[in-house]
Amino acid sequence: MSKKFILVTLCLLYSAYCSAQISFTQDSVYVFESYNYVAAGDLNNDSLDDIILGTISFPVLGFFPDSLEQVIEVYHQTNSHTFNLIQRIKYDTLLGYSLNSIEIADMNNDGLKDIVISHGNAVAIYAQDSTFHFQLAYEFVRPIGIIEQMGVIKLYQDSLESIIVSYFSNYLLLLRPTSVFTFDTLELHPPTFDSFEGFAIGDFNSDSLMDIAAKRFTAFGSNPAFIFYQDSVNGFSSTAIPLDTVSAFGRCNSIGAGDLNNDNLTDIIATFGGNLDPSIGIYYQDTTNQTVKYLVDTIANVIDIPSEIQVRDLNQNGLNDLLVLHDGWAALSIFEQMSNGDIVFDSAYFDFRGSTHIDTYAFIDLNGDHKIDIISVAAGEIKFYYNTSTAIGISPIEGNYGLQFSLYPNPARDNLFIRTNGAFESSDKLKSIAVVNSLGQKFDLDVIQLNKFEYKINTQTLTNGLYFLLIETTKHRGIRRFIKYE
């Protein structure tokens, strides 16, 4: 499973810009508010991505007016792709701690997305009502410990969203709903003389259950993470299993998860190093002989101080790419996965969040072209990155065969949308839409025709992995790959 990585040094940065398959154009908006966090998603069920912004807190300095401190702002995207402020929510926090996470999820299964935030030592849920406004519905406060990272995901085999929290240099906490806005708690502790700092979620042993990879706080010159495996009977194991490899890349800065070699298995990705020997380690999951192990490859010669890493298919070719933030440089670098499995340095965007230290960003469709755009925030500035990437073919089986159509979003979570370039001719009628996996198994999913150009497929019942969508008309057929990912 060893892979060849194409290493591109920074002296080739200009040529990478010119030849990149993945590309963005950018625009900026300067504002008085000091935003430090952003999230994006469809809040009002109109198939347009909306924005949630969180402001930083300066209660001691008194730098900003009180009305602009410790605030969440909700913006709806209009049909003309502008954003209107809908609601400003004031949140309370101890000792002046600012937001460190904003998530969007339907926490009470009412068909409306809610807002989940973490700040200081608290987690709060703001439930959305039928007027698309939000009210505080739940708050969890732990007297000791500062939250480092928070995420919302369907961890268990039910329809409910759970919350996972990482406390700074400490342990993980799971909040599992037992009824509407009522949660049980489960602590996942590190081995003796160790601690956790951040996490990634995925099926790390191919049993169709979500597991948790916890990043070690002191991961220097050794394995970067421990894995808590879940089973269908006992839930999460209380024993942390070290990642099955020993590496010597330097201190681990961040971990992520996703399929990086198109084998329908969730791999683990980690960033290492600072100004000296920065690198990215990819731990490929391998289930040979029915045992789970991880094989390691590295990408060297990356930009200094790689930190947060994420996995997304940026050019919609069915292959996942890497996005890496770089502390201190205020930069975002992109690595593209090629059809032969190579991971190639594609481009870098310096001054990613103005001239300030990197804070955060979110994926969003800013202009209705169904591509993955990016919004980023910094003190006094919001930046928009419009995706201008060119999608490329990935395998002989995939193609239009006379039928032009696109899929979005990819990866898909609850729904997958099909958009044709034009309505079918009067003599060319739709015969079938089918979804199959890499083994040829067919899945019966609900398909709704939204208009003469678009269809919606409910993908909630699919497990994480790679699938093929097949469309057949009386004259043509087409095949596209997509990824289901919670």
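Scanning for something modelled with pLDDT of 70 or more, open to solvent by 20 Å² or more (accessible area, probe 1.4 Å) and either among the hydroxyl-bearing types (Ser, Thr, Tyr) or part of a loop (DSSP other than H, G, I, E, B) (or both), does the range 1-11 turn up at least one residue?
No, the conditions are met nowhere in the range 1-11.
Kindly indicate whether Ala137 is of a type outside the set (Val, Ile, Thr), under 22 Å from Ile51 (Cα atoms), free of Cβ contacts under 8 Å to residues at least 40 places away in the same chain and in contact with a strand residue (DSSP E or B) (Cβ under 8 Å, 6 or more places away or on another chain).
When the stated conditions are applied, Ala137 does not pass them.
Within the range 189-202, which residues are touching a Ser or Thr at 6+ places or on another chain (Cβ under 9 Å) and at pLDDT below 90?
His189, Pro191, Phe193, Asp194, Ser195, Phe196, Glu197, Gly198, listed by residue number.
Looking only at residues in the range 418-458 that are under 15 Å from Gly318 (Cα atoms) and open to solvent by less than 70 Å² (accessible area, probe 1.4 Å), which one is modelled with the lowest pLDDT?
So, considering only residues that are under 15 Å from Gly318 (Cα atoms) and open to solvent by less than 70 Å² (accessible area, probe 1.4 Å), the one modelled with the lowest pLDDT is Asn437.
Within the range 100-120, restricting attention to residues that are closer than 14 Å to Ile163 by Cα and assigned to a loop (DSSP other than H, G, I, E, B), which residue is least open to solvent (accessible area, probe 1.4 Å)?
Met107
Given the criteria of a type outside the set (Ser, Thr, Tyr), at pLDDT 90 or above and out of contact with any His (no Cβ under 8 Å at 6 or more places or on another chain), does His76 qualify?
yes
Within the range 390-417, can you find the residues that are modelled with pLDDT of 75 or more and aromatic (Phe, Trp, Tyr)?
Phe405, Tyr408, Phe417
Does the range 40-50 hold any residues that are open to solvent by less than 10 Å² (accessible area, probe 1.4 Å) and aliphatic (A, V, I, L, M), and which are they?
Leu43
Filter the range 204-217 for residues that are within 20 Å of the chain's Cα centre (by Cα) and open to solvent by less than 50 Å² (accessible area, probe 1.4 Å); which is nearest to Tyr229 (Cα to Cα)?
Restricting to residues being within 20 Å of the chain's Cα centre (by Cα) and open to solvent by less than 50 Å² (accessible area, probe 1.4 Å), the top hit is Asp211.
Results for (1) more than 22 Å from Ile483 (Cα to Cα); (2) at pLDDT 85 or above; (3) in a loop (DSSP other than H, G, I, E, B), shown as yes or no for each residue.
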site	(1), (2), (3)
Val302	yes, no, yes
Leu314	no, yes, yes
Ser333	yes, yes, no
Ala348	yes, no, no
Ile374	no, yes, no
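Please work out which residue is least open to solvent (accessible area, probe 1.4 Å), limiting yourself to the range 176-203 and to residues that are part of a loop (DSSP other than H, G, I, E, B) and touching a Phe, Trp or Tyr at 6+ places or on another chain (Cβ under 8 Å).
By that ranking, first place goes to Ser195.
Looking only at the range 241-253, count how many residues are at pLDDT 80 or above and surrounded by 23 or more Cβ atoms within 10 Å (Cβ to Cβ).
2
The values are calculated or read from the model by the stated rules, or taken from the named source; none is laboratory data. Quick caveat: nothing in here was measured; it's all calculated off a predicted structure. Every residue, glycine as well, gets a Cβ built from its backbone with ideal geometry; the counts of neighbours run over all protein chains shown. Side chains included, ligands, DNA and RNA excluded: accessible areas come from the protein's heavy atoms. Shrake-Rupley method; radii C 1.70, N 1.55, O 1.52, S 1.80 Å.
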